[in-house]
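Read-outs throughout are calculated quantities, based only on the coordinates presented, and are distinct from any laboratory measurement. Model, not experiment: these values are computed from the prediction. No Cβ is skipped: glycine too gets one built from the backbone with ideal geometry, and neighbour counts run over all protein chains shown.
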Amino acid sequence: MTTDSETKTVDLGREVAGFRPPVRPDGLNLHGTSVRIEPLLADVHASDLFDAYAGQDQVWDYLPYGPYADFDTFSAWLRTLESGSDPVFFAFCTPEGRTVGMGSYLRIAPDAGSIEVGHLNFSPRMQGTRAATEAMALMMGWAFDAGYRRYEWKCNALNLASRRAAARLGLSYEGVFRQAAVIKGRNRDTAWFAAIDSEWPALKAAFDTWLAPQNFDASGRQKQRLSDLTAPLLYARDPALG
């Protein structure tokens, strides 16, 4: 016989008071100083993107599709992405309107307060630029400002460049799912990263500091590295990065 004093308390987890499912990112437009993010439309963005990716087949290496040999095939593929509800695709454009990359929100789960950024494909014209970092800051900021509690980043575990990018952006390592998929006939182990809402204020401060005009010299070179600002904020570090 068990008495009341002997009854064990079961930990059911922290109560999430006042949580309401956030809105979806449909039709979203985001504007920064060096980049504009807008819904992907083949008629608007295909020509610039095809030109930006031309001769750069390596940008498709870790994606489950591509490369595309001709414009008609590429444009037709983009058209299939326009009306998708998950992923929701966006174009990354310069302030002058030139499209230099694309990406998406996916695994959009408002009831859980979770959303992922992915299908990122920065052309060489965007890679390593201030616009690339600002685009990621804008997408992360929108998610947390909208009320999402968790912001995910996943990549092929062999893609060290993507793993470094996740850490630089302040996304904490959460492990590797072994044999998670078969992509283009090859095994894919998937590395997981995420940031949560309580971490966003400090991450936002790091992005604001890095993106500030005074962080760049007259030649556009950074004075302070973003990775130095975000490293102390990581909940867990990726062992693959040393």
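Things worth noting here:
- Label point distance in nm, Arg79-Arg150, each placed 7 Å from Cα along Cα→Cβ: 3.8 nm
- Value of Rg to Rh for the range 126-242 (Rh from inverse mean 1/r over Cα pairs, i.e. Kirkwood): 1.00
- Alpha-carbon Debye profile of the range 191-242, log10 I(q)/I(0) at 0.21, 0.22, 0.31 Å⁻¹: -0.83, -0.87, -1.20
- Size descriptor for the chain, Kirkwood hydrodynamic radius: 19.4 Å (Cα pairs only, one decimal).
- MRE, 222 nm, helices only [DSSP H, n ≥ 4, -39500 (n - 2.57), over the chain, to nearest 500]: -8500 deg cm²/dmol
- Centre-to-centre separation between the Cα atoms of the range 48-99 and those of the range 205-242: 28 Å.
- Burial ranking of peptide ranges 214-222, 61-69, 8-16, 146-154 (average Cβ count within 10 Å, highest at the top): 146-154, 61-69, 214-222, 8-16
- Residue with peak Gaussian network fluctuation, the chain [Cα springs, cutoff 10 Å], from Ala202, Ala157, Ala17: Ala17
- For the range 116-189, the C-alpha radius of gyration divided by 2.2 N^0.38 Å, with N the number of residues, is 1.20.
- Residues Thr209 and Tyr65, FRET efficiency given R0 of 35 Å [Cβ-Cβ distance, rounded to 0.05]: 0.45
- Zone residues, the range 125-169, relative to Glu96, backbone N less than 17 Å from point 7 Å out along Cα-to-Cβ: 125-127, 129-132
- FRET efficiency, Lys184 to Ala112 (Cβ-Cβ, R0 30 Å, nearest 0.05): 0.50
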